[in-house]
Amino acid sequence: MPELPEVETIAGDLNRKVKGAVILDFWTDWKKSVKTDLAKFKREISGKKILEVKRRGKNLLFYLSGKVVMHVHLKMTGHLLVETIDDRQQTTEKKGFFDDKVNQYIHHVWYLRSQKSGQSESDMTLEFSDLRKFAKIRLLKADEIEMDSDLGRLGIEPLSDEFTLKKFKEILLKKEKWATRDILMEQNLIAGIGNIYVSEILFEAGVMPKRQARELDEKEIKEIYRSIKMVLKKAVKLRGTSDSDYRDTDGAPGGFQKVLKVYNREGAACQSKNCSGTVKREKHKQRSAFFCEKCQK
């Protein structure tokens, strides 16, 4: 599932490419993903301008004119592609990304008229590729977000100024009997961290995933906090991790998978200096935890 760095990358791309565009029409061949009545959904978004796209946790929020918000959750295999008329006509490497098989599972399309278009018809499309068809698309009113059963319960954003060391300690204290890994992945506590980045964060911090919060000393807490910020910022800079289906809005893979140290590297040599250990994998609550038992305590 795309996590904070992937969704942040997509949101940034969309603000560069479709901000200011007008939605003319919408097509889908998988109505189950659209949680708002389809006729109402099409009627409500038609003619609306995309004012801004924001990320909240692993969610995308399209703020439209008329105080309408389109909520998109990519779920397991979803990603958004932006194509212009020029994109469809070119035969460069960029077009090659669009032709990649992982980008061919298009189940939803928004037809857009860009800001600079002097025409009345669509000159751009926002296409949703989703192999497993688990995605979620719906409409909200802007003033409903904080009270929404999904979005309103999300925890603090780990890259925000509000996520201080003091705040992190408060979260750990509240769930002191929980495994550290579970705390970092609990969306109602800290929003946006998933299976990929929790393994990388705890490796950088030198802490075993199953260690309970109450077992951590001051130095370890500071190291985890520092690693959260460091790993997520680096992953955003490298445009996310394409471990499986994730692609950016050009259809291109991210770059963080090239620098992963433990995630999905079971049996590989630990990359820490002076360590002769290997990366281990253990099942934890039906998910895989990756770690080096020599580097992490």
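At-a-glance table
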| item | result |
| --- | --- |
| Residue match in region 85-92 (condition: touching a residue at least 60 places away in the same chain (Cβ under 8 Å) and either in contact with a Ser or Thr (Cβ under 8 Å, 6 or more places away or on another chain) or not aliphatic (A, V, I, L, M) (or both)) | no |
| Residue check for SER160: within 17 Å of the chain's Cα centre (by Cα), crowded, with 18+ Cβ neighbours inside 10 Å and of a type in the set (Gly, Ala, Ser) | no |
| Any hit, region 241-251, residues being of a type in the set (Lys, Arg) and out of contact with any Asp or Glu (no Cβ under 9 Å at 6 or more places or on another chain) | no |
| All positions within region 227-254 that are of a type in the set (A, V, I, L, M) and either part of a loop (DSSP other than H, G, I, E, B) or closer than 14 Å to VAL7 by Cα (or both) | LEU232, ALA235, VAL236, LEU238, ALA252 |
| Set LYS285, LYS233, LYS177: member being surrounded by fewer than 19 Cβ atoms within 10 Å (Cβ to Cβ) and under 30 Å from PHE97 (Cα atoms) | LYS233 |
| Of all residues in region 201-246 being under 23 Å from ASP13 (Cβ atoms) and acidic (Asp, Glu), the one that is modelled with the lowest pLDDT | ASP243 |
| Test result for LYS261, within 30 Å of LEU81 (Cα to Cα) and in the same structural domain as TRP178 (by TED's automatic domain parsing) | no |
| Single unsatisfied condition, ALA289 versus (1) part of a loop (DSSP other than H, G, I, E, B); (2) over 30 Å from ARG16 (Cα atoms); (3) not charged (D, E, K, R) | (1) |
| Residue match in region 264-282 (condition: touching a helix residue (DSSP H, G or I) at 6+ places or on another chain (Cβ under 6 Å) and surrounded by 14 or more Cβ atoms within 10 Å (Cβ to Cβ)) | no |
| Filter result (of a type in the set (Gly, Ala, Ser) and surrounded by fewer than 13 Cβ atoms within 10 Å (Cβ to Cβ)) within region 114-141 | GLY118, SER120 |
| Hits in region 27-45 (condition: under 14 Å from VAL109 (Cβ atoms) and touching a strand residue (DSSP E or B) at 6+ places or on another chain (Cβ under 9 Å)) | TRP27, THR28, ASP29, TRP30, SER33, VAL34, LEU38, PHE41, LYS42, ILE45 |
| Residue in region 56-76 that is modelled with pLDDT under 95, closer than 23 Å to LYS133 by Cα and in the same structural domain as ASP130 (by TED's automatic domain parsing) present | yes |
| Test: residue in region 165-187 that is out of contact with any Pro (no Cβ under 9 Å at 6 or more places or on another chain) and closer than 18 Å to LEU60 by Cα | yes |
| Which listed residue is farther than 16 Å from LEU4 by Cβ and without any contact (Cβ under 8 Å) to a residue 40 or more places away in the chain, from GLN257, GLN271, GLN296 | GLN271 |
| Test set (1) assigned to a strand (DSSP E or B); (2) touching a residue at least 40 places away in the same chain (Cβ under 8 Å) - LYS280 fails condition number | (2) |
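Residue-wise test of (1) part of a strand (DSSP E or B); (2) out of contact with any Ser or Thr (no Cβ under 6 Å at 6 or more places or on another chain); (3) under 19 Å from ALA21 (Cβ atoms).
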position	(1), (2), (3)
VAL53	yes, yes, yes
MET70	yes, yes, yes
MET76	no, yes, no
GLY96	no, yes, no
HIS108	yes, no, yes
LYS116	no, yes, yes
GLU127	yes, yes, yes
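The values are calculated or read from the model by the stated rules, or taken from the named source; none is laboratory data. Just so we're clear, the structure is a prediction, and the values are computed from it rather than from any experiment. Note that each Cβ is placed from the backbone with ideal geometry, even for glycine, and that neighbours are counted across all protein chains shown.
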